[in-house]
Amino acid sequence: MKIAIAGGSGFVGRHLTQYFLKRKYSIILISRKSQKSDHPLIRYATWSELKSNVSMMEGTDAIVNLAGETINQRWTKAAKERILQSRLETVGQIADIVARMNNKPQVVVNASAIAIYGTSEKLGLVEHSDTRVMDFLSGVVSQWEQAVDQIQDTRIVKLRLGLVLGKDGGALPRMMTPYKLGLGGRIGSGKQFYSWIHIEDLCRLIEFCIENEDIIEQINATAPHPVTNDEFGRTLAAAMHTGHRFPVPAFVMKLLLGEMATLVLEGQKVLPYLATEYEFHYKYPTIELALDDLVGGK
């Protein structure tokens, strides 16, 4: 199989690349800067190269787009603009590449986020739930998904990512820091839900979406058992053999993070209805299994 990945240098992209390499897939990594490959199964392409010539992409079975400015920064006016435009521009470039390919890819899997549902402490949200623009991030994701509709003549999967857990990137290493110092505890009320997925299961789910032709449009990339912030913290503390005793008031997070504090203070109970219906098998369906694998004994 031949797969192109945009955003391959990020946390998810690095893991996905290694996952595909273990399966001996041929990979094209699309980025802004030109690079040389030292792996026989990896080729690099820049956006500018593909703008003038898409011949390298011919024969590609799937395109996975993970590219976009990180949301893990203070949301200044300039940062907000970069976060939005980076996503819209990348989707536009992929739409143009696909349009110029003689042999279209079988599928484009485009990253999205569960933020599109808005926040709620009670509702169980699935793929056919209403989407709600409630804040900056839900607005970004709404525009992002609308932009994906520019991509024509191939199957589209909008991968609505939850909190992706891995030991070498994403949010988990930062979440572990206060527990390493013996200062871990619930954040805010602790009742806000975290809808999460282990990085390995995410890579497996992306492959599942590529291979399963019946999966179209949006799919929730979350584990089947979301947990509250308090439950997450207690499980993390147990896996790290430390305490869960020092709550952090909401106002402290707002002072530290500004508007971005919504990421940890407000949550969503999102369920992977379609993944379950299509009988995707989770290796780490519960937070206990996931955190024991990622941080257990450390």
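No lab work stands behind these numbers, since they all come straight from the coordinates. Keep in mind that what you see is a predicted model, and the values were worked out from it rather than measured. Backbone-built Cβ (ideal geometry, glycine too); neighbour counts: all protein chains shown.
Quick notes on this structure:
- The H on the amide N of L29, modeled in the peptide plane, is under 5 Å from the matching H of I5, R43, Y44, A45, each at least 5 residues off or on a different chain.
- Placing +1 on each Lys and Arg Cβ and -1 on each Asp and Glu Cβ, with no other charges, gives region 2-295 a dipole about its Cα centre of roughly 1040 debye.
- Footprinting exposure proxy ranking of L181, L16, fewest other C-beta atoms within 10 angstrom first, gives L181, L16.
- Whole-Hz Karplus values for region 11-24 come out as 3, 5, x, 5, 5, 5, 4, 5, 4, 6, 4, 5, 9, 6 Hz, taken residue by residue from phi with 6.51 cos²θ - 1.76 cosθ + 1.60 and θ = phi - 60°; glycine and proline positions read x.
- For the residue pairs K24/K158; K158/K254; K51/K77; K2/K104, the alpha carbons lie more than 23 Å apart in K24/K158; K158/K254; K51/K77.
- For T131, distant residues with modelled amide H under 5 Å away: none
- Along region 225-230 the Karplus relation, 6.51 cos²θ - 1.76 cosθ + 1.60 evaluated at θ = phi - 60°, assigns HN-Hα couplings of 10, x, 9, 6, 4, 5 Hz to successive residues, with x for each Gly and Pro.
- Within region 95-153, trypsin sites (Lys or Arg not before Pro) in DSSP loop having at most 13 other beta-carbon neighbours inside 10 Å: K122
- Note on the chain: helix-only mean residue ellipticity at 222 nm, from DSSP H runs of 4+ residues weighted -39500 (n - 2.57) and normalised by residue number, equals -11500 deg cm²/dmol.
- Region 163-228: C-alpha gyration tensor shape, a/c 1.5 cut-off, then a/b vs b/c: oblate
- Normalised by the number of residues in the chain, the mean separation of alpha-carbon contacts (under 8 Å, six or more apart) gives a relative contact order of 18 percent.
- Within the chain, percent of DSSP bridges classed antiparallel, to nearest 5: 10
- Taking amide H as placed 1.01 Å from N in the peptide plane, G188 has its amide H under 5 Å from the amide H of V248, A250, each at least 5 places away in sequence or on another chain.
- Which of R245, R82 has the fewest Cβ neighbours within 10 Å, and the rest in rising order: R245, R82
- Distance from the C-alpha centroid of region 184-219 to that of region 221-293: 11 Å, rounded to the whole angstrom.
- Likely footprinting exposure, C209, C203, fewest C-beta neighbours within 10 Å first: C203, C209
- In order along region 80-87, the Karplus-derived 3J(HN,Hα) couplings, from 6.51 cos²θ - 1.76 cosθ + 1.60 at θ = phi - 60°, round to 4, 5, 5, 4, 6, 5, 4, 6 Hz, and Gly and Pro are given as x.
- Ranked by the mean number of other Cβ atoms within 10 Å of their residues, highest first, the peptides 186-196, 66-76, 265-275 fall in the order 265-275, 186-196, 66-76.
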